[in-house]
Amino acid sequence: MIPRVRQEIELIKQSAESLLKMSEDWPSLRRNAQIIMIFARLLDFITPPLEVEHGTDTEDPHSLP
């Protein structure tokens, strides 16, 4: 489930980047795209990097020490 969520977050980030590129002459759209990007970064931060089964020793390379 977590990998699918991460894929969706990446799609949101890519969409926000596309909107940012298209919104050079449209300040309100640019601001909305920036807000979407912030939201996507927050989702990326709070979503666990991978799903670990109980009792396994899998170390996540993206986790904080």
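Would you confirm whether any residue within the range 12-24 is surrounded by fewer than 13 Cβ atoms within 10 Å (Cβ to Cβ), small (Gly, Ala, Ser) and at pLDDT 95 or above? Scanning the range 12-24, I find at least one residue that is surrounded by fewer than 13 Cβ atoms within 10 Å (Cβ to Cβ), small (Gly, Ala, Ser) and at pLDDT 95 or above, so the answer is yes.
Residues that are in a loop (DSSP other than H, G, I, E, B) and without any contact (Cβ under 8 Å) to a residue 24 or more places away in the chain were ranked within the range 1-37; the one that is farthest from Pro48 (Cα to Cα) is Asp25.
The values are calculated or read from the model by the stated rules, or taken from the named source; none is laboratory data. From a predicted model like this one, the values you see are computed outputs, not experimental measurements. All Cβ positions, even for glycine, are placed from backbone atoms using ideal geometry, and neighbour counts span all protein chains on display.
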